[in-house]
1. With θ taken as phi - 60° and the coefficients 6.51, -1.76 and 1.60, list the Karplus ³J(HN,Hα) couplings across region 71-76 in order, rounded to whole Hz; mark glycine and proline as x.
2. Of Ser30, Ser63, Ser85, which has the largest mean-square fluctuation in a 10 Å C-alpha GNM of the chain?
3. Of all the accessible heavy-atom surface of region 27-94, with the other protein chains kept in place and a 1.4 Å probe, what percent is carbon and sulfur?
4. Below 15 angstrom from the Cβ of Leu20, what's the summed charge of the other residues (Lys, Arg +1; Asp, Glu -1)?
5. Need one number: convex hull volume per residue for the chain, Cα atoms only, in Å³.
6. What residues qualify as long-range amide H neighbours of Gly109, i.e. H under 5 Å apart, gap of 5 or more or another chain, H built at 1.01 Å from N?
7. Name the most mobile residue of Tyr88, Tyr80, Tyr60, meaning the one with the largest mean-square fluctuation, in a Gaussian network model of the chain with Cα contacts below 10 Å.
8. What residues have an amide H closer than 5 Å to that of Thr52, excluding those fewer than 5 places away on the same chain, when H is modeled at 1.01 Å from N in the peptide plane?
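The values are calculated or read from the model by the stated rules, or taken from the named source; none is laboratory data. All of these numbers come straight from a predicted model, not from anything done at the bench. For neighbour counting, all protein chains shown are included, and Cβ atoms are generated from backbone atoms with ideal geometry for every residue, glycine included. To get the accessible areas, we keep the full protein, side chains included, count just its heavy atoms, and leave off ligands, DNA and RNA. Shrake-Rupley method; radii C 1.70, N 1.55, O 1.52, S 1.80 Å.
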Amino acid sequence: QVQLVESGGGLVQPGGSLRLSCAASGFTFSRALMRWYRQAPGKERELVASITSSGDSTNYADSVKGRFTISRDNAKNTVYLQMDSLKYEDTAVYYCNAKYGLTVSWGQGTQVTVSS
């Protein structure tokens, strides 16, 4: 069965860094488009970053461009989101998302709180 399990969230001060991980299983990870979404209270879920199956192309929301980096390790079936220079506005639940064939799967989410 398909599983996406996020980890690495927590409390961090403004300007700090966190690295989120998403461990995938139950599908051919190396063929999947992987994405990170986030949802803050009272806001719509938004796409933060995406990475192609081989890792040769990435895309970012304008709000995180230059601060966040998405990467993947296909040998470990894991996608990462390195978050630097964190801001209060980055506070949200972050979700891992996978698209393989016509199927889309979601992780359970991990909370990131940026607070002083």
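1. Each residue's phi maps through the Karplus curve to give 8, 8, 10, 5, 5, 9 Hz.
2. So, out of Ser30, Ser63, Ser85, the one fluctuating most is Ser63.
3. On the way: 1570 of 3570 Å².
After summing per-atom areas, the C and S share lands at 44 percent.
4. Details: positive: Arg19, Arg35, Arg38, Arg67, Arg72, Lys76; negative: Glu6, Asp73, Asp84, Asp90.
With Lys, Arg at +1 and Asp, Glu at -1, the neighbours total +2.
5. Details: hull volume 10.9 nm³, N = 116.
Convex hull volume per residue, Cα atoms: 94 Å³.
6. Glu6, Cys96
7. Per the Cα network of the chain with a 10 Å cutoff, Tyr88 tops the list.
8. Ser57
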